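For reference, the structure discussed in these notes is given below.
The values are calculated or read from the model by the stated rules, or taken from the named source; none is laboratory data. Bear in mind that the values here come from a model prediction, so they are computed numbers and not experimental data. All Cβ positions, even for glycine, are placed from backbone atoms using ideal geometry, and neighbour counts span all protein chains on display. With ligands, DNA and RNA removed, areas are computed over all heavy atoms of the protein, side chains included. Shrake-Rupley method; radii C 1.70, N 1.55, O 1.52, S 1.80 Å.
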Amino acid sequence: EYVSYWGNLAKIQYFGDTDSLCYRKSPGTEDNSGDYNVYAQEETLEISGNAVTLKGGNGAYSLAIWTDGSYAYSISVTDPLSRDAFGALLEENCSSDLPSWWLPKAYRRKFCPQRSRQASSLKRATV
């Protein structure tokens, strides 16, 4: 599901059978997650030169927020991830030059299996 709010916030949401992932990007540096929960645990990681704040509890994180100085980003998941798993997801996929249609690699098969198959077929057909 792709949504643009007032031309200032892009939201891409992926749904699996029992969980989901929400990616947001907006101009500015403020938290754009829309998540106002108070979390028991916060940790900061350095990813692609940006300080990323993970929020969660008991060693599992549901929210990541960061900025590159021009844009604010957030990723929320309904099935919490460990620090290492969230870090790997961010390290593999996050940079400030991502296109607006960004789809996290770790979630492609889980949330959009038909798109992954279509993309693979398209690659084979065009190579």
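Couple of notes before you dig in:
- Qualifying positions in segment 12-27 - open to solvent by 30 Å² or more (accessible area, probe 1.4 Å) and more than 11 Å from Thr78 (Cβ to Cβ): Asp17, Arg24, Lys25, Pro27
- The C-beta contact set for segment 34-59 (first residue basic (Lys, Arg), second residue open to solvent by 40 Å² or more (accessible area, probe 1.4 Å), distance under 7 angstrom, 6+ apart or interchain) comprises Lys55/Tyr39; Lys55/Glu42.
- Of all residues in segment 40-61, those being more than 20 Å from Glu91 (Cα to Cα) and surrounded by 15 or more Cβ atoms within 10 Å (Cβ to Cβ) number 0.
- Being within 15 Å of the chain's Cα centre (by Cα) and on the phi > 0 side of the Ramachandran plot is a description that applies to Gly34.
- Every condition in (1) free of Cβ contacts under 8 Å to residues at least 24 places away in the same chain; (2) farther than 13 Å from Thr67 by Cα holds for Thr18 except the one numbered (1).
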